[in-house]
1. Taking the Cα atoms only, what angle lies between the long axis of helix B:75-99 and the longest principal axis of chain B, rounded to 10 degrees?
2. Within 10 Å of each candidate Cβ there may be at most 13 other Cβ atoms; applying that plus a DSSP loop requirement, which trypsin sites (Lys or Arg not before Pro) in the stretch B:292-389 survive?
3. If we restrict to alpha carbons, what Rg and Dmax does chain B come to, in Å?
4. Quote the relative contact order of the stretch B:17-219 in percent (integer), defining contacts as alpha-carbon pairs under 8 Å separated by 6+ residues.
5. Kindly provide the helix-only [θ] at 222 nm of chain B, computed as the sum of -39,500 (n - 2.57) over DSSP H runs of four or more divided by all residues, to the nearest 500 deg cm²/dmol?
6. Three principal axis extents, largest first, for the C-alpha atoms of the stretch B:323-397, in Å?
7. Using a basic spin-label model with each label point 7 Å from the Cα along Cα→Cβ, how many nm lie between A:Q296 and B:S185?
8. Relative to the longest principal Cα axis of chain B, at what angle does helix B:344-356 sit, 0 to 90 degrees, rounded to 10?
Amino acid sequence: MSWNANDFYIILVGGLCAMACALPGIFLLLRRMSMMGDAISHAVLPGLAIAFLISESRANIWMFLGAAIAGILTALFTQWIIRFGKVERGAAMGIVFTTLFAIGLVLIRKAADHVDLDAGCVLYGALEYTPLNMVTLFENERSFLAVPRAALIIGATLIFNALIIVLFYKEFKLAAFDPGLAEAQGFRPQLMHYLLMTMVAVTTVAAFEAVGSIIVIAMLIVPPATAFLLTRNLPSLIIVSLILAVLSAVLGQIASHLPPLLGFPDTTSSGMMATTAGFLFLLAWLFGPEGLIKKQSKQLEAPNFDCAD
Amino acid sequence: MTWELLRETLLLEQHNTRLPVLGVAFLGATAGLVGSFLLLRKQSLLGDALSHATLPGIGIAFAVMSIMGFSGKNLPGLLVGATITGLLGVLLVLAIRKTTRLKDDAAMGIVLSVFFGLGVAILKMVERIPGQSAAGLDGFIYGKTASMVWSDFILITVILVVTTAVTIAILKELTLLCFDASFASVQGWPTLWLDIILMALVTSVTVVGLQAVGLILIIAFLITPPTAARFWTNRLGWMLLLSATIGAISGWLGVSISALYSNLPAGAIIVISAAIIFLFSMIFGTARGVLPRYLRHLQLKRKVGRQHLLRSTYEILENSQKNKPLKNLPISMELLRKHRFWSKGELLTLIRQARSEDHIERQPSGELRLSESGFGEASRITRNHRLWELYLIKYADIAPSHVDRDADMVEHLLGAEIVHQLEAELDLSKPTIDSPHTIEPTELGLQSEPTT
C-alpha cells in the first residue's frame, strides 16, 4: 500500500467537503427534499457554462455566481411548476434539472471548441489532483505550512454553512419540522427554503471544482440519512452526521488503496468515499438501534407488554 | 442547404441518420408509455435512481467479460449487467422505504449516489485492465446516439417491443395500482409484484436508453412526456397515447436536429425538445393547462357574480312590494350595493357584464331595471337558491339562520337535473318559493340577510 502525504491532503479536502455537504443535507433530509441535492448539482451546469463563456476563465467568482444563480433558479422553477402546473414535486424537479443539464451540455459543447472545459471534468472533478495545487499559508526559514487550494475553498464553504446554520438554527429547525407553524409565527419558511437552496448551490459549486459532484450528491444525502437511523434529536443528528461524513472520507481513501492489494487496478478516491458512505449506511441499517437485525430478534423474543420506559 | 438536409433527416431519407432517428423515436414512445405509470404512481424520480444504479453493472459486466476472454464491449452483455444492478438499486429503494423511517426521497438519494459513486470507481478500475480498452464506456453517461449500428437497432427494437407488449398486457392491473394501490391489495392483487414488474419495465427502457441518450437524460424521457400529456387530458387512455407521441416526437426532432451540427449532443437536444413541448402543454393544455384553467376560473367568477347580482335584484324587489305577482320595478344602485356589500367598482363591473348579456337595463334616471329575460333568470336563480336552502334545512340539519351562506356557495353548480331531484325530494313544484329564513325589512326596504 502506498500511503503518503498526498493521502493526507486528499482526506483533508474530502473530509471538509463531506462535512460542508452534510450540514445542508440534514435539513434537506428533514424537509424530504434529498433529491434536490442531486437536481441542483446537475442543474448548475448551464450557470457554470454561461459564467465561463462570459469570463473566459475557470475558477473565479463568476463561475461561483453563475452556479449559485442556476441553483436557485432550479428551486424557483420547480416551485413554479408545482404551483401553477399542479405537478407532483418529483416530476417537476426531474423536468427542471434534466432540461437545465441539457442546456448546460449544449453550451459546454459549444464552448469546448475554444477552451478546455468538458462536462466530465465539471461533474467528476479529480480529488486525486488536489495536492498538485498547493497554497503556502505560512513560511519562515525553518518550516512552512502549505495546504491544497481546494481545502481553503471548501473550508471556507464549510465555515459559511456552519455560520448560517448557527445563526438561523431556530428558524431552520421550525421550518424543517413544522412549516405551517413557522409561517404562522412569521418565520417565512419560504425564505428559509431559498436560503437552504442557496447553501446547497454554493456548496455544490465549491466542491465541483475540487472534488466533482459525486461526493457532493453522496455526502448531502448519505451521512444525514445514516445518522437519522442512529439518533432521534436534531443536535445529535448534526454531530453524528458530521462524524459519519469525516469517517466516510477517511475510510473511503483507505478503501481506494485496497483494490491494488487484491490485484485489481487502482481506483478513484471520490467514488470510493461515496461507496464507503453507502457501506456505513448499510451497517446502520442492519445493526443500528432500529436496524433490521434488532427488529428480527425482537420478533423472536416473547411479546413484552411492559411499556415502562 | 441545411434546410434540405433537415428535411431529408426528418423524413428518414438520410442513410446514416435513419437508424438513430427511428430507434430513438421508438425509445421515446416506449419511455412515454412506461413513464406515465411512473408519474401516476408518484415515483418519477425512481427512474433517476435506477438509471444511476445501472452504472456499476456496466463496469462489472465489462470486467467479467474481459476476464472471461470476450470483448468487454459486447452490448447485450453490458445491458444485462446494467439491468441487474439497476433492479437491485430499485429493490433497495423499496426495502429502505419499507424497513426504516426514511422517506422516498432519501431512499432514492442514497441508492442513486452510492451506486453512482461505486460505478465511477469500478469504471476507473476496469479502465486500467490490461489488454482491454474501456474507452467509450463513459458514453453510457452522456449517450452516443449517432453510433447506433444495425445490430444495436435490432436489439433495442426487440426490447422495446417486448416492453410495450407487456405494458399493454397488464394495462388494467397497472391502472389499478396507480389509482388505488390499497384497494388493489385489498382485492387480492399482488401489489408488491406489480410494483416490481413496473420497475422492471422502467429498467428495460432505461437500460436501452443508456446507449442512446445517456443515463442522466433518459430520466427526462421517462418524466417529461407523461407530465406534458397530463395537461391535455384526464383520461388514462388518451394520456398514454399522447405521452408516447410526445416522446416519439421529441426523440425524432432531437436526433434530426443534432445530426445537422457536428457538436450538438443528441441527448441534450432531445431533452430540450421535450421541455419545449412540456412548456407549451403546461400553458395551453386543455385539461389542466395554466391558461385554460385561468379562463375557466374567470368564467366561473363571472357566472357567480352575475347570479348574485340577479338574485339580489330579485330579493330587493320582493322586499319592497308585498303583493304578488312581483312587478319588475327599477331600483337604485345604492340599494343594490348595500344589499350585498359590493364595492362600487365590483358592482359596476357586474352591471356591465349583465348589460352585455341583456339581463339588466339602465333607466334614463340612472336606476337599474331587469330586462324580460333577466327577470325570468333572476326568479329561476332565486328559486334554485331557496330549493337548496330548504333541502339543507330538512336533510342536513342546518339552522335556518345559517343556511343562506352555505347555499350561497353551492347554488351556482345546481344543474337542471339536480333541481328536478330537489323538487322531487322536497315535493315542491311551485314556480316561486318564499325565503325559508326570516327577512327583516328595514326602513329603507332592504334586507339584512347575512351574505358573503
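1. Computed tilt is about 50 degrees.
2. On the way: sites: B:R293, B:R296, B:K301, B:R302, B:K303, B:R306, B:R311, B:K322, B:K327, B:R337, B:K338, B:R340, B:K344, B:R352, B:R355, B:R362, B:R369, B:R380, B:R383, B:R386; in loops: B:K322, B:K327.
Sparse-neighbourhood loop trypsin sites (Lys or Arg not before Pro): B:K322, B:K327.
3. 32.4, 106
4. Working: 256 pairs, mean separation 71.0, N = 203.
Contact order relative to length: 35 percent.
5. On the way: 19 runs with 320 residues, N = 452.
When only DSSP H runs of four or more count, the value is -23500 deg cm²/dmol.
6. Principal axes ranked by extent give 46, 29, 24 Å for the Cα atoms.
7. Simple spin-label model gives 2.2 nm for this pair.
8. 90
Bear in mind that the values in this text are calculations on the coordinates, not laboratory data. This structure is a prediction, so every number in the text was calculated from the model and none was measured. Ideal geometry is used to build each Cβ from the backbone, glycine not excepted, and the neighbour counts take in all protein chains shown.
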